[in-house]
Amino acid sequence: MKKTIFIVLFCVSSLSSFSQWRKLNETAHSNTRLTMVDSLNGYMSTSSGLLETTDGWATFTKVLFDFFVLDFDINQGILACSGIDLVENKVGYRVSLNNGNSWNIKNNNIREGHSKIKFYNGDNIVAHGERTNIYISVDDGKTWNSKHVDSSLTGIFDLVVIDSSWIISTSNHHNRNREIYSSIDNGDSWTKRAEYPVNGVLRFTEVDKTIYGVGQKGMFVKSVDKGLSWSIVPNNIEQDIFRLDFISKNTGFVAGGAGATYPTYGVIYRTKDGGQSWDNISPNGIKTAISGIDMINENLGFAVDYNGVIYKTTNGGGPAKTDSVPKYGKDGKLWDGTNGGNPADTTNPTDTSNSGGVNGVSNFINNNLSLEIFPNPTTGKVNIQLVGSAELTNAPVQLVLKDGAGKTVLETSMSSSSKTINLSSYAKGVYYLQINAENWNTTRKVVRE
């Protein structure tokens, strides 16, 4: 009997040692990104507010409501969020001094930007404003002052602060290049430090004064002099990478994939040599992009995908995979090049896999453009916003709304970067919004409640 028990325990131990990411919970929210304070306490941005956990995402509560959180930061119990007020349909900032129990509110009368926010020099705050303006607050978010970066730029993808150095990743609407700028005088003046003509940097992280940056098609760069100079680190990653977290100068994790256009997939990679080589440690069976990752240490960490599914690892993602990254079509099956490879395909109008979650989406269309639809679900008005170059298209973008049966119920167009449609007179249910531009097209699910 003892021998039998020993064998069973041995088998269980062997299987568990090869586990990678365990599906932990589901938030039913999209546009998710998480940051852990410690192994139990953390926060997650969503398209309708900010979530908090005190038990490692076994449970969670909402601490900020009716706000599309595009970015947030934490500093000794102070929370700062940038995003979109879903009630007043304005962009702005939210700052809480008491872990989300109450908030200082600042809205701006514009409909763009506000994608990044960071603490610096203690509890001072620097944030992205409209286009390439930087906003600064030194009074806990009560008042904000603006500083201009460069008129040729269209927006800011990320912002990192090291001592008195501020570094941003941007795009240039004149030549479509991705560029990195830095300031060593708290935003008073800016200098271009790097330029990438194809796949530029989308996100930064910093550890021990070294900055790492990732982007599309496996783009990976680093700077060891506070952003003054940059080097491209060749690697074996071919997928689009949107998030990263480094535990030390050598050990780091990156995450990304595709969640907006078919085929969809999700990936997580790990490096132990500073980005020279990477191991594929992606969760098994994931069908959409990883939108957030935060590692407590080299073993314990959390990740979340675009549909709000939370994953946890206790062994650093487990052993490396040798197989290729599986990709999925519109029918949820492995992609064969025909089952939903075209994001505008409407042959299956009742499909829900291209939702990006049902509370709103914020996904990249291409290297220079992303799409935001909010609020979603909605009881009436739906805002459609294109974020990217000032020269979005040479012709109006066509909008076609279809019901669950595939019948066209609305046709309109947008000639600027934003458009509001009113569904208050439509029946409750699921609709599909086709967005057709000159050089791209996509379809999004919209829920009318």
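Table for the structure above
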item: Chain lengthening between residue 413 and residue 66 when straightened (0.36 nm per residue, less Cα-Cα); result: 122.2 nm
item: Among 303-316, 74-87, the order from most to least packed when residues are scored by Cβ within 10 Å on average; result: 303-316, 74-87
item: Sorted by Cβ neighbour density within 10 Å, fewest at the top, the residues 409, 69; result: 409, 69
item: Between the range 214-276 and the range 74-95, the Cα center-to-center distance that results, in Å; result: 27 Å
item: Calculated from backbone phi, Karplus (6.51, -1.76, 1.60) coupling profile of the range 63-77 in Hz, x at Gly/Pro; result: 10, 9, 10, 6, 9, 6, 7, 7, 7, 8, 9, 10, 8, 6, x
item: Residue 101/residue 299 FRET efficiency (R0 41 Å; Cβ-Cβ; nearest 0.05); result: 0.80
item: Residue exposure sequence - 37, 149 - by fewest surrounding Cβ within 10 Å; result: 37, 149
item: Under-5 Å amide H pairs with residue 381, H placed in peptide plane, nonlocal only; result: 423
item: Computed lengthening from residue 250 to residue 276, 0.36 nm per intervening residue step minus Cα-Cα distance; result: 8.4 nm
item: Cα-projected label distance for residue 75 with residue 320, points at 7 Å along beta-carbon direction, nm; result: 3.9 nm
item: 3J(HN,Hα) from dihedral phi, the range 373-386, Karplus parametrisation 6.51/-1.76/1.60, rounded to Hz, x for glycine, proline; result: 10, 7, x, 8, x, 9, 9, x, 6, 10, 9, 10, 10, 9
item: Amide hydrogen neighbours beyond the local backbone of residue 277, cut-off 5 Å, H modeled; result: 272
item: For residue 106, distant residues with modelled amide H under 5 Å away; result: 93
item: Between the range 316-336 and the range 19-66, the alpha-carbon center distance in angstrom; result: 24 Å
item: Point-to-point label distance, residue 334-residue 145, nm (Cα→Cβ direction, 7 Å offset); result: 6.0 nm
item: Inter-probe distance in nm under a simple model that places probes 7 Å from Cα toward Cβ, at residue 26 and residue 424; result: 3.3 nm
item: Exposure proxy ranking, count of Cβ atoms within 10 Å, fewest first, for 282, 425, 164; result: 425, 164, 282
item: Chain lengthening between residue 88 and residue 35 when straightened (0.36 nm per residue, less Cα-Cα); result: 16.4 nm
item: Proximal charge balance of residue 136 [Cβ under 15 Å; K/R count +1, D/E count -1]; result: -2
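Read-outs throughout are calculated quantities, based only on the coordinates presented, and are distinct from any laboratory measurement. All of these numbers come straight from a predicted model, not from anything done at the bench. Here Cβ is always computed from backbone atoms with ideal geometry, including for glycine, and neighbour counts include all displayed protein chains.
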